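Here is the structure we will look at.
Computed from the coordinates by the stated procedures, all read-outs in this text should not be read as laboratory data. Everything numeric here is computed off the predicted structure, so don't read it as measured data. Ideal geometry is used to build each Cβ from the backbone, glycine not excepted, and the neighbour counts take in all protein chains shown.
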Amino acid sequence: MVTVAQVKSDEEVIAIMDIAESQIEALGFTEHSVRHSTLVSKWAGEILEKIGAEPRRVELARIAGYLHDIGNSVNREDHAQSGALLAYQILTRMGMGYREAAEVMMAIGNHDENQGLPVSDITAALIIADKADVHKSRVRTNTTRMSMNNLNIHDRVNLAAERSRVVVEEQAGEILLEITIDTSLCPVMDYFEIYFKRMQLCRRAADFLGMRFGLIINDSRLL
């Protein structure tokens, strides 16, 4: 069976992810490289593992998490859909069964907040893991030299985010996103301005998994 370790070492995957990040960088977006993909892969797998999913579902979530942004190699617009088709072709070429590859394809195709919906456990875990990654390391090095007033809101929020993590509280039936934001760099309201729709999708994803979604910023529960 195809594993996430095999996917990470595949030459085609490495090349496509490198091209995807070069396009994202050229467009001026925050980092979507191996760092982001590795973290999303880890969190997606942990979410399913902690709610008791079968080991193979956990591994498929990890694979979906790692490949979810490869569509950025085609275009940022509709990257979820193009990435889903790319992932299916790559995984079947690697020997993954059609059903499993289709599960990963469906998850990737639904991870974006503009068109996505939690239609499977893998999809739901991917959505939450992807939207949870807000952190100052995602801001380009040359961007950090600019004044905060000149940064776009995505850069300001990420630069102010000192820590973010996903916590699954099995007994309480909750999936929590915990974030620490330096409010001297940007107000918490800026986070909600760009992430509110994403948090709504995370809530729906947690509901699909039979859990509640919670958002904690600077030790204060907001959702």
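Scoring 14-20, 121-127, 165-171 by mean Cβ neighbours within 10 Å over their residues and listing the highest first yields 121-127, 14-20, 165-171.
Stretched out straight at 0.36 nm per residue, the stretch from residue 77 to residue 221 would grow longer than its current Cα-Cα span by 48.5 nm. Taking every C-alpha pair closer than 8 Å and separated by at least 6 residues, the mean separation divided by the residue count of the chain gives a relative contact order of 17 percent.
Our note on the geometry: Cα centres of the range 98-139 and the range 1-28, 16 Å apart.
Rounded to the nearest angstrom and ordered from largest down, what semi-axes does the equivalent ellipsoid of the range 4-221 get from its C-alpha gyration tensor (root of 5λ)?
27, 22, 13
Using Cβ point charges alone (K and R +1, D and E -1), the dipole size of the range 90-223 about the Cα centre works out to roughly 360 debye. A Förster radius of 41 Å, combined with the Cβ-Cβ distance separating residue 23 from residue 50, puts the computed FRET efficiency at roughly 0.75.
Rounded to the nearest 0.05, what FRET efficiency do residue 184 and residue 117 give with R0 = 35 Å and r taken as the Cβ-Cβ distance? Could you check?
0.40
Under the combined filter of DSSP loop state and at most 11 neighbouring Cβ atoms within 10 Å, the range 1-77 retains these GluC sites (Glu not before Pro): 77.
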